[in-house]
Amino acid sequence: MKSRAEVVIIGGGVIGLSIAYHLGKLGVEDVVVLEKKYIGSGSTFRCASGIRAQFTDEANIKLQKYNIERWKRLSDELEHDINFKQSGYLFLATSEEEVEVFKKNIKLQNRLGVPTRLIGMDEAKEIVPPLNTEPFLAGAWNPEDGKASPFHVVYGFAKKAKEFGVEICEYTPAVDILVEKDEIKGVKTEKGIIKTGIVINAANAWAPIINEMAGLKRDFIPIKPYKHQLVKTEPIAEGQIEPLTCPPAWNDSYVIQDGEDGGVICGTGLEKLTHLDDVQPTYDFMREVLKWATKIIPALKYVHVVRQWAGFYAKTPDSNPAIGRIQYVDELYIAAGFSGHGFMMAPGVGEAIAELIVKGKSKVPLDWDWYDPHRFERGELRSAAFQIG
Amino acid sequence: MSDKKNIIICRCNEVTQEEIEALIDQGVTDIEMIKRLLRIGMGPCQGRTCLPMVISILARKTGKRPDEITLPATRIPVRPVPAGVLVGEMESDGNEE
């Protein structure tokens, strides 16, 4: 491990590695990523792989429209197939009130260039052949939303970052940040000290602990871990449930076919607050998620469940991440608290943070005020980012 | 020695010895990453067949002792179960009540 670096990134998930890759691409060669376990082990490898622009506020829609353009080019850019597919997101309404809400959201999305359409159940059935259309009145369909492989994305970012000279230290937790007169002097790890002047907190659910290391209050950015579990079935024929299909009124339950092996990933509403070591799957969850999944797709009753796992939604009070510079310590940055949206936001967020550090501004349409890490202490919450699962 | 292309290590996802060794040769030596990039241990058998063999290949190629390589997590349900059984609508594999 190096004893000196220009930038130290704490957190080797998709966000930390995207930042490392983009810094490397901009010519910052001297970057170290610290990861407490193996890369992707925190939340990235536990996510459902979805990528969407169907949000309900301007800031997130703009960022995600840009991100989808990035996702389209990412395999070529990383020279590694990340398995990105524009298989769409299909939200389903169960009441007239919900149809009206869908129409309002679609109008906003269309205004910002996202081609979501309101569709009838005949079209929904064409898109998802085994769908139980009977309970639903209409769908919000964006064929440009999609999915990618979290495993290959993390590997691709890491591989390319290393080619740029970035050092990725796995099984190397940060234990302290050395700050003198509000200036960063270094990061202490279990394997020694790295002298640096710039630190990026990309630790998502663990970010408050990292902030505390830099002398901030732990709850300065109140990110809390909400356990989120997923169940996966054996592979089924390709194309059956390709889009993420979700009736939000049904406890935010969703199904999506894994783009790599064709198994169906099933999720349902957020579980309650937990602690950072709790990734124990529960049978209560399995029964609940399958109750909804088999209502959406009745034929799933005959499909074998092969695996269940748990991770975290690192959630802020308004479900929007904290992205930007922390004013109390010179050259301390944060990109954390993604509330379940980190994977889909990673390419653009990594690019934006890297450009902010190198150029002082970014061409990414990321609304820095919206994601301002200081908004919580001012009590200025944003409208809650649309969250499912 | 027989052709490594034809030696299947993970039977669920049809991964060969050649693919595993090629990945290790590229510098991917953490079993957690090998598992995810090749989907070893992620099929219906949950790695019961393949993981011990992957560990032995990894140990041989990296010079580690097999007991230094930790097994990835095993996920529930240990045996594949139809979703209908888990929601209480079916009795056993494929048969409705």
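Could you please give the count of residues in the stretch A:2-24 that are part of a helix (DSSP H, G or I), under 28 Å from A:Ser87 (Cβ atoms) and out of contact with any Phe, Trp or Tyr (no Cβ under 6 Å at 6 or more places or on another chain)? Quick ask: steps written out before the conclusion?
The first filter runs over the stretch A:2-24 and keeps only residues part of a helix (DSSP H, G or I), leaving A:14-24.
If we keep only those that are under 28 Å from A:Ser87 (Cβ atoms) too, we end up with A:14-19, A:21-22.
Now narrow it down to the ones that are out of contact with any Phe, Trp or Tyr (no Cβ under 6 Å at 6 or more places or on another chain): A:15-16, A:19, A:22.
So the count comes out to 4.
Only strands (runs of 3 or more DSSP E) wholly contained in the stretch A:35-147 count here; list those with 2 or more residues that are within 14 Å of chain B (Cβ to nearest Cβ) and buried (at least 23 other Cβ atoms within 10 Å of the Cβ). Working first, answer last.
Working: elements: A:89-93, A:117-119, A:138-142.
Fully inside the stretch A:35-147 and qualifying: nothing.
So A:Ala352 clears everything in (1) away from every other protein chain (no Cβ under 14 Å); (2) small (Gly, Ala, Ser); (3) under 30 Å from B:Met90 (Cα atoms); (4) not in a loop (DSSP other than H, G, I, E, B) except one condition, right? Which one?
(3)
Please tell me if A:Arg382 is in contact (Cβ under 8 Å) with a residue 12 or more places away in the chain and either surrounded by fewer than 23 Cβ atoms within 10 Å (Cβ to Cβ) or under 14 Å from the mean Cα position of the chain (by Cα) (or both). Don't jump to the end; show me each part of the working.
Values: in contact (Cβ under 8 Å) with a residue 12 or more places away in the chain: yes; either surrounded by fewer than 23 Cβ atoms within 10 Å (Cβ to Cβ) or under 14 Å from the mean Cα position of the chain (by Cα) (or both): yes.
So A:Arg382 passes the test.
Take the residues in the stretch A:23-34 that are at pLDDT 95 or above and of a type in the set (D, E, K, R), then tell me which one is most open to solvent (accessible area, probe 1.4 Å). Can you show your working first?
Pass one, the stretch A:23-34, residues at pLDDT 95 or above: A:23-28, A:30-34.
In the following step, the residues that additionally are of a type in the set (D, E, K, R) were identified as A:25, A:30.
Numbers: A:Lys25: 104, A:Asp30: 52 Å².
My answer is A:Lys25.
Inside the stretch A:291-306, can you point out the residues that are at the interface with chain B (Cβ under 9 Å from one of its Cβ atoms) and open to solvent by less than 40 Å² (accessible area, probe 1.4 Å)?
A:Ala293, A:Thr294, A:Leu300, A:Lys301, A:Val303, A:Val305, A:Val306
Can you say whether B:Ile31 is more than 30 Å from A:Tyr302 (Cα to Cα), within 14 Å of chain A (Cβ to nearest Cβ) and surrounded by 19 or more Cβ atoms within 10 Å (Cβ to Cβ), as far as the supplied structure shows? It would help to see each step written out before you state the result.
Working: more than 30 Å from A:Tyr302 (Cα to Cα): yes; within 14 Å of chain A (Cβ to nearest Cβ): yes; surrounded by 19 or more Cβ atoms within 10 Å (Cβ to Cβ): yes.
Yes.
With the structure loaded, tell me whether A:Asp176 is in contact (Cβ under 8 Å) with a residue 12 or more places away in the chain, of a type in the set (D, E, K, R) and open to solvent by less than 50 Å² (accessible area, probe 1.4 Å) or whether it fails that test.
On the way: in contact (Cβ under 8 Å) with a residue 12 or more places away in the chain: yes; of a type in the set (D, E, K, R): yes; open to solvent by less than 50 Å² (accessible area, probe 1.4 Å): no.
No.
Exactly one condition in (1) of a type in the set (Ser, Thr, Tyr); (2) within 14 Å of chain B (Cβ to nearest Cβ); (3) more than 21 Å from A:Ala385 (Cβ to Cβ) is false for A:Tyr328; which is it?
Of (1) of a type in the set (Ser, Thr, Tyr); (2) within 14 Å of chain B (Cβ to nearest Cβ); (3) more than 21 Å from A:Ala385 (Cβ to Cβ), only one is false for A:Tyr328: (2).
Which is more than 30 Å from A:Arg111 (Cα to Cα) and touching a Phe, Trp or Tyr at 6+ places or on another chain (Cβ under 8 Å), of A:Ala148, A:Ala207, A:Ala161, A:Ala202? Break it down stepwise before answering.
Working: A:Ala148 fails: more than 30 Å from A:Arg111 (Cα to Cα); A:Ala207 fails: touching a Phe, Trp or Tyr at 6+ places or on another chain (Cβ under 8 Å); A:Ala202 fails: touching a Phe, Trp or Tyr at 6+ places or on another chain (Cβ under 8 Å).
When all the criteria are applied, what remains is A:Ala161.
Can you tell me how many residues in the stretch B:1-23 are touching a helix residue (DSSP H, G or I) at 6+ places or on another chain (Cβ under 8 Å) and within 14 Å of another protein chain (Cβ to nearest Cβ)?
Here the count works out to 4.
So A:Ala20 fits all but one of (1) surrounded by 21 or more Cβ atoms within 10 Å (Cβ to Cβ); (2) within 14 Å of chain B (Cβ to nearest Cβ); what number is the exception?
In the conditions (1) surrounded by 21 or more Cβ atoms within 10 Å (Cβ to Cβ); (2) within 14 Å of chain B (Cβ to nearest Cβ), A:Ala20 misses (2) alone.
From the set of residues in the stretch B:52-77 that are open to solvent by 50 Å² or more (accessible area, probe 1.4 Å) and aliphatic (A, V, I, L, M), which is nearest to the other protein chains (Cβ to nearest Cβ)? Before you say what the answer is, go through the steps one by one.
To start, the set of residues in the stretch B:52-77 that are open to solvent by 50 Å² or more (accessible area, probe 1.4 Å) comprises B:52-53, B:56, B:60-68, B:70-71, B:73-74.
Keeping just the survivors that are aliphatic (A, V, I, L, M) gives B:53, B:71, B:73.
On the way: B:Met53: 20, B:Leu71: 14, B:Ala73: 8 Å.
Applying the filter and picking the extreme gives B:Ala73.
Please work out if B:Thr49 is away from chain A (no Cβ under 12 Å), farther than 29 Å from A:Met286 by Cβ, among the hydroxyl-bearing types (Ser, Thr, Tyr) and surrounded by fewer than 18 Cβ atoms within 10 Å (Cβ to Cβ). Before the answer, list the steps.
Details: away from chain A (no Cβ under 12 Å): yes; farther than 29 Å from A:Met286 by Cβ: no; among the hydroxyl-bearing types (Ser, Thr, Tyr): yes; surrounded by fewer than 18 Cβ atoms within 10 Å (Cβ to Cβ): yes.
Criteria not met by B:Thr49.
Given the conditions (1) among the basic types (Lys, Arg); (2) surrounded by 19 or more Cβ atoms within 10 Å (Cβ to Cβ); (3) more than 12 Å from chain A (Cβ to nearest Cβ), and given that B:Arg36 satisfies all but one, which numbered condition is not satisfied?
(3)
Somewhere in the stretch A:241-255, is a residue within 14 Å of chain B (Cβ to nearest Cβ), open to solvent by less than 10 Å² (accessible area, probe 1.4 Å), on the phi < 0 side of the Ramachandran plot and in a strand (DSSP E or B)?
The answer is yes, given that some residue of the stretch A:241-255 is within 14 Å of chain B (Cβ to nearest Cβ), open to solvent by less than 10 Å² (accessible area, probe 1.4 Å), on the phi < 0 side of the Ramachandran plot and in a strand (DSSP E or B).
Conditions first: (1) in contact with a Lys or Arg (Cβ under 8 Å, 6 or more places away or on another chain); (2) more than 10 Å from chain B (Cβ to nearest Cβ); (3) among the acidic types (Asp, Glu). A:Asp277 passes all but one, so which condition is the exception?
Unmet condition: (1).
Have a look at A:Arg46, A:Arg111 and point out the one that is touching a Gly at 6+ places or on another chain (Cβ under 9 Å) and among the charged types (D, E, K, R). It would help to see each step written out before you state the result.
Values: A:Arg111 fails: touching a Gly at 6+ places or on another chain (Cβ under 9 Å).
Checking each option against the conditions leaves just A:Arg46.
Of everything in the stretch A:307-358 that's touching a Gly at 6+ places or on another chain (Cβ under 6 Å) and open to solvent by 10 Å² or more (accessible area, probe 1.4 Å), which residue is nearest to B:Pro72 (Cα to Cα)? Steps first, please.
So in the stretch A:307-358, the residues touching a Gly at 6+ places or on another chain (Cβ under 6 Å) come out as A:313-314, A:316, A:321-322, A:331.
Within this subset, residues satisfying the condition of being open to solvent by 10 Å² or more (accessible area, probe 1.4 Å) are A:313, A:331.
Numbers: A:Tyr313: 22, A:Glu331: 37 Å.
Among residues in the stretch A:307-358 that are touching a Gly at 6+ places or on another chain (Cβ under 6 Å) and open to solvent by 10 Å² or more (accessible area, probe 1.4 Å), the one nearest to B:Pro72 (Cα to Cα) is A:Tyr313.
Kindly indicate which of A:Glu271, A:Glu288, A:Glu234, A:Glu260 is open to solvent by 10 Å² or more (accessible area, probe 1.4 Å), among the acidic types (Asp, Glu) and more than 13 Å from chain B (Cβ to nearest Cβ).
Details: A:Glu288 fails: more than 13 Å from chain B (Cβ to nearest Cβ); A:Glu234 fails: more than 13 Å from chain B (Cβ to nearest Cβ); A:Glu260 fails: more than 13 Å from chain B (Cβ to nearest Cβ).
Exactly one residue qualifies, and that residue is A:Glu271.
Going through the stretch A:291-343 one residue at a time, which ones are in a strand (DSSP E or B) and of a type in the set (Asp, Glu)? Give the derivation first.
Start the filter on the stretch A:291-343 by keeping residues that are in a strand (DSSP E or B), which leaves A:304-315, A:322-326, A:330, A:332-336.
Answer for the stretch A:291-343, where residues must be in a strand (DSSP E or B) and of a type in the set (Asp, Glu): just A:Asp330.
The values are calculated or read from the model by the stated rules, or taken from the named source; none is laboratory data. Just so it is clear, the model here is predicted, and its values are computed rather than measured. Reconstructed Cβ throughout: ideal geometry from the backbone, glycine too, with neighbour counts over all protein chains shown. The accessibility values were calculated without ligands, DNA or RNA, using every heavy atom of the protein model including side chains. Shrake-Rupley method; radii C 1.70, N 1.55, O 1.52, S 1.80 Å.
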